[in-house]
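The values are calculated or read from the model by the stated rules, or taken from the named source; none is laboratory data. The structure presented is a predicted model; accordingly, all values stated were derived computationally and were not measured. Here the Cβ positions follow ideal geometry from the backbone for every residue, glycine too, while neighbour counts run over all protein chains shown. The area values use the complete protein model at the heavy-atom level, side chains included, leaving out ligands, DNA and RNA. Shrake-Rupley method; radii C 1.70, N 1.55, O 1.52, S 1.80 Å.
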Amino acid sequence: MFDAIIALVWIVIKIVIILVPLLIAVAYLTYAERKVIGYMQCRVGPNRVGIFGLGQPIADAVKLFLKETIDPTAANKFLFMLAPVLSLMPALAAWAVIPFNNSWVLANVNAGVLYLLAMTSIGVYGILIAGWASNSKYAFLGALRSAAQVVSYEIAMGFALVGVLMAAGSANLQTIIHSQQGGIWHWFFIPLFPLFLVYWISGVAETNRLPFDMAEGESEIVAGFHVEYSGMGFAVFFLAEYANMILISALVSIFFLGGWLSPFDGIPYLSNLFAWVPGIIWFIAKTFIFLLLFLWLRATFPRYRYDQIMRLGWKVLIPVTIVWIFVVGFAIEFHLSPWFN
Amino acid sequence: MLIEQIVFIAFSLMLIFAAIMVVCSKNAVTSALYLVYAFFNSAVLWMLMQAEFLSLVLIFVYVGAVMTLFLFVVMMLNINIENLRRSRMKYLPIGILMTALIVGIVIYVVMPEHYISLTPVKATEHYSNISSLGMVLYTHYLYPFELAAVLLLAAIIGAISLTHVGNPKRKVQNINKQIQANKQSRLRIIKMPSEK
């Protein structure tokens with residue numbers, strides 16, 4: 001009994017160690033987004049609060065904290081308050097199985113990929129409940145759009161992961177990383193390139209980011225599912241969206257780019273030169289590439305039309321994944337070197 | 001062991017509460033949300049029995065996909081709650097009858113004469129739920145598994161053919177035409193003499 005309590009306290013400490021940097025990263029991701037898109041559009045971005053505007057996310061957080069929380073009279077109060085929590089919870093809970101380094105993982109479970117699929121698939125409930133409980137037509141339209149979109153893209157996402165599972169032969173995230181051992185040409189993004197693209201595109205669609213932000217659609221349905229939210233409720237929805245972005249970026253780098261593995265493994269000179277770099281640095285660097293890609297997409301593309309989103313999901317991405325699963329099957333059967341021997 | 005028992009009792013109580021509320025809540029959306037809650041609680045119970053594959057698939061498939069679509073439909077229904085409340089008592093006798101029947105069957109099955117209780121064996125550290133399930137599914141139960149797959153395929157084709165009406169007059173976007181549109185076919189630049 002006493003041992004169990006000590007183990008529990010340790011787990012809580014580890015959770016805090018993971019979540020505090022994550023939340024700081026979320027805060028500065030909003031800053032990075034405004035800054036990067038600003039420069040892409042020949043603007044400066046936030047530069048007033050602190051040096052280079054670095055105090056901006058903190059100022060934003062304080063502002064949202066102090067704002068009055070308004071709950072609409074016709075809203076279902078309990079569900080209205082529950083919805084932001086439900087959208088944030090899975091985004092944070094998924095980090096339990098993410099490996100940061102060779103042995104740095106909170107829960108090294110065998111069904112890690114399944115756990116991640118389960119967690120990312122319940123993120124839609126926050127949006128759905130928010131849209132319904134607000135009792136407002138724009139919020140409801142946003143919720144319906146988002147529900148249909150997330151359910152469609154989840155299939156493509158799941159199929160893409162089936163390819164990864166086949167290639168690695170395991171659903172454990174550490175094993176998936178270990179099976180990509182040995183330099184950049186061993187990583188799964190080469191044999192699974194179409195699945196890599198499909199996973200990334202459906203990841204963008206799952207987080208409701210541009211060009212797939214039908215759930216918000218500012219120019220069509222005001223702000224979509226969170227139109228009635230103010231103050232903290234709004235802030236939590238924002239937090240969930242950015243935490244999801246970081247999660248998807250981390251997952252793409254684990255599944256297809258070898259997670260914390262060094263890209264220079266096995267190259268005669270470079271591998272010794274970069275041997276001192278801890279794995280977490282590579283992991284963060286790879287995650288960062290995809291985060292920048294998120295911002296780049298937002299600055300580049302206009303929003304998709306709704307029927308085109310559905311068409312892309314069902315008629316392009318899902319057939320591509322199904323075909324490539326067969327290709328991966330043959331590659332494994334014939335021990336295609338250097339990935340499947 | 002004690003902690004496991006506490007977790008088991010807490011989540012089974014919540015499961016029973018959620019299941020009762022699915023039936024008793026006045027609002028259809030709240031009912032559906034309680035069903036989601038019930039799925040979560042039963043997923044925890046399965047996890048406690050070390051059936052992590054089943055438990056996560058329950059969340060992934062039922063909570064993530066089936067219930068999302070369910071809520072999607074239920075939210076768009078326009079149900080008159082007053083009518084429902086008035087007619088609820090009408091179904092009480094048959095409800096009690098059905099409950100009694102099901103409870104009777106369950107009690108009959110779990111009576112000591114019929115029920116062989118097995119003491120659960122703790123899985124070893126390297127035991128993988130997924131691989132042993134796959135092993136059984138693709139060897140011993142291959143034919144039932146394939147039959148179920150064919151059945152689902154037939155259902156998919158049926159659903160598509162029911163909703164896909166081949167009316168040529170229906171308003172639908174021809175994606176091929178849309179993609180092939182170019183500047184020359186859509187824009188006409190008219191030169192006008194500028195005002196002096």
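Among (1) surrounded by fewer than 23 Cβ atoms within 10 Å (Cβ to Cβ); (2) more than 30 Å from residue A:59 (Cα to Cα); (3) polar (S, T, N, Q); (4) touching a Ser or Thr at 6+ places or on another chain (Cβ under 9 Å), which single condition is residue A:230 missing?
(2)
In segment B:26-68, what count of residues is obtained for those that are within 22 Å of residue A:154 (Cβ to Cβ) and either of a type in the set (Phe, Trp, Tyr) or within 11 Å of another protein chain (Cβ to nearest Cβ) (or both)?
The total comes to 27.
Counting just the residues of segment A:251-270 that are part of a helix (DSSP H, G or I) and without any contact (Cβ under 8 Å) to a residue 40 or more places away in the chain, which one comes out least open to solvent (accessible area, probe 1.4 Å)?
Here the residue is A:253.
Which members of segment A:153-203 meet the condition of being in contact with a Gly (Cβ under 6 Å, 6 or more places away or on another chain), under 21 Å from residue A:266 (Cβ atoms) and not hydrophobic (A, V, I, L, M, F, W, C)?
The answer is A:180, A:182, A:183.
Select from segment A:79-95 the residues that are of a type in the set (A, V, I, L, M, F, W, C) and free of Cβ contacts under 8 Å to residues at least 40 places away in the same chain and write down the one among them that is least open to solvent (accessible area, probe 1.4 Å).
A:93
Kindly evaluate residue A:248 against the criterion of being open to solvent by 20 Å² or more (accessible area, probe 1.4 Å) and either hydrophobic (A, V, I, L, M, F, W, C) or in contact (Cβ under 8 Å) with a residue 60 or more places away in the chain (or both).
In short, no.
In segment B:143-169, how many residues are open to solvent by less than 100 Å² (accessible area, probe 1.4 Å) and of a type in the set (Lys, Arg)?
Looking only at that region, the number is 0.
From the list A:102, A:76, which one is open to solvent by 50 Å² or more (accessible area, probe 1.4 Å), closer than 27 Å to residue B:58 by Cβ and touching a residue at least 40 places away in the same chain (Cβ under 8 Å)?
A:76
What is the residue count in segment A:172-195 for residues that are buried (at least 22 other Cβ atoms within 10 Å of the Cβ) and either under 19 Å from residue A:311 (Cα atoms) or among the β-branched types (Val, Ile, Thr) (or both)?
Residues in segment A:172-195 being buried (at least 22 other Cβ atoms within 10 Å of the Cβ) and either under 19 Å from residue A:311 (Cα atoms) or among the β-branched types (Val, Ile, Thr) (or both): 3 in total.
Please work out which residue is farthest from the chain's Cα centre (by Cα), limiting yourself to segment A:121-145 and to residues that are at the interface with chain B (Cβ under 8 Å from one of its Cβ atoms) and closer than 30 Å to residue A:13 by Cβ.
A:125
Kindly provide the set of residues from segment A:159-171 that are open to solvent by less than 10 Å² (accessible area, probe 1.4 Å) and either more than 18 Å from the chain's Cα centre (by Cα) or not aliphatic (A, V, I, L, M) (or both), ordered by number.
A:163, the sole residue that qualifies.
Residue by residue through segment A:37-65, note down the ones that are hydrophobic (A, V, I, L, M, F, W, C) and either open to solvent by less than 40 Å² (accessible area, probe 1.4 Å) or free of Cβ contacts under 8 Å to residues at least 60 places away in the same chain (or both).
A:37, A:42, A:44, A:49, A:51, A:52, A:54, A:58, A:59, A:62, A:64
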